[in-house]
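Read-outs throughout are calculated quantities, based only on the coordinates presented, and are distinct from any laboratory measurement. No experiment lies behind these values; they were computed from the predicted model shown. No Cβ is skipped: glycine too gets one built from the backbone with ideal geometry, and neighbour counts run over all protein chains shown.
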């Protein structure tokens, strides 16, 4: 008799935040879930897009460029949501994490990708913030709308907005 | 043979934030879900109450008035969670959204209402922040407690805290 | 005929924030859920750890101490996420809540504990932030990893990231 394979449990996340600490939480949950054999979908929107950006400038219009300049850089430029102190907080947390052998965000993202976590960019945010597909890391699955996230979330056992 | 109607999928959200960008995410998910035939319940609490307020002053006690003055206005006065710059950020994002034909928050809320999204105010927050029912838009369903949200969330396929 | 007992509904929360207002939302949901006979698991991580800390100094390394000094204190030192004004916001909200007979955070946490809400500290955050077990209230169940949260969340009817 053939046993039906048990359906994999599933996590679906909206990653709205681009803060270092929240991204850290998001990727920790993602890698933890993927490592325990769950399906993981991450849908990056608004400030969260930083987590998928290449280290490059963005923006076409005057305001898009201004936004790109102020909120530029890749995942390793993310600052904590508290005690940012113009970059000092980022430096401090990176030091403290390193001291406890916690991998940096870019490594954690890489691990997530290797474990099969699916990452999508929110089409509308990318348009509004003027961050085109080619400014994002190649591993991004595709750029999708909110309907796509909702489809994933409906099937998920755990859905989170981070 | 009569086929049983398939049960509608359901989303339940706590909207805690009153930030422009997070409200934008909340209402985009709500309209997206309602447009794909899901049931949507939004429970507005704390800063999120701004999304349901009329353009009017609130507050009775000295501190309630102070809060009303500093955090006053309706949904269109919401500022982004990052790069607020005393109103400049709001202006900038509104411009950038308009350039991409993204509707403003008040339109998005109207669309949500027309699609049947249910919106509730959190009774306790309204009392603490001194925002009475009559200062909120007429379309608000009613003002409820946390138990009401939990009932909705238990039946929901997707629950989010925004 | 013996009726099978109905399975209790379950809520699982990540409490990432240490802000007064968000903690207030988290504990209100937790007590509300427990009072309506749901199982509740709260997993405190990063800034959320403050909600479980004793009123004591933390930190061993230079940076850990700095963090402990700037972000020190127990649950009653938490400030609102908006209009903090160097402590003024905390004072104001405490006054406004008291005027409406809303209990302070420490009482709300106590009620949650008495209603059987389970509270866990995130092991990794505690290490990075240098907050050892003995600096946390005795009622904390144990310190666990993200895998533990995911197990709880999979079984939950409602999962939230706050």
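Summary of values
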{"quantity": "Label distances, nm, residue B:66 versus same residue in remaining copies, Cβ-directed 7 Å point", "calculated": "3.3, 3.3"}
{"quantity": "Surface/4 of the Cα convex hull for the range B:20-130, nm²", "calculated": "7.2"}
{"quantity": "Extension gain, residue A:107 back to residue A:65 (0.36 nm per residue minus Cα-Cα distance, nm)", "calculated": "12.3 nm"}
{"quantity": "Among B:95, B:54, B:118: highest mean-square fluctuation, GNM of chain B, C-alpha pairs under 10 Å", "calculated": "B:95"}
{"quantity": "Most mobile of C:22, C:55, C:82 in a GNM of chain C (Cα contacts under 10 Å)", "calculated": "C:82"}
{"quantity": "Rounded, prolate or oblate (a/c below 1.5 giving rounded, otherwise prolate when a/b exceeds b/c) for the range B:53-117 by Cα gyration tensor", "calculated": "oblate"}
{"quantity": "Anisotropy class of the range B:105-162 from Cα gyration tensor, a/c 1.5 cut", "calculated": "oblate"}
{"quantity": "Gyration tensor (alpha-carbon) shape descriptor, the protein assembly as shown, a/c threshold 1.5", "calculated": "rounded"}
{"quantity": "Virtual spin-label span in nm between residue A:95 and residue A:55, 7 Å along Cα→Cβ", "calculated": "2.1"}
{"quantity": "Inter-part distance where the range C:31-45 and the range A:91-152 are each reduced to a Cα centre, Å", "calculated": "31"}
{"quantity": "Inter-centroid distance (Cα atoms) of the range A:57-86 relative to the range C:59-76, Å", "calculated": "28"}
{"quantity": "Spin-label model distance (nm) - residue A:114 vs residue C:139, 7 Å beyond Cα toward Cβ", "calculated": "4.2"}
{"quantity": "Copy-to-copy label separations for residue B:87, where each label sits 7 Å from Cα toward Cβ, in nm and ascending", "calculated": "3.1, 3.1"}
{"quantity": "Highest-MSF residue in chain C out of C:67, C:108, C:52 [GNM, Cα springs under 10 Å]", "calculated": "C:67"}
{"quantity": "Least to most buried among B:129, A:83 (fewest other Cβ within 10 Å first)", "calculated": "A:83, B:129"}
{"quantity": "Relative contact order of the range B:81-162, defined on C-alpha pairs under 8 angstrom at six or more residues apart (%)", "calculated": "21"}
{"quantity": "Value of [θ]222 nm, deg cm²/dmol, for chain C, DSSP H segments ≥ 4, -39500 (n - 2.57) each, nearest 500", "calculated": "-11500 deg cm²/dmol"}
{"quantity": "For residue C:101, label point 7 Å along C-beta direction: distances to other copies, nm", "calculated": "5.5, 5.5"}
{"quantity": "Folded to 0 to 90 degrees: helix B:20-35 orientation relative to chain B principal axis, Cα", "calculated": "20"}
{"quantity": "Over chain C, relative contact order from alpha-carbon pairs under 8 Å, at least 6 apart, %", "calculated": "35"}
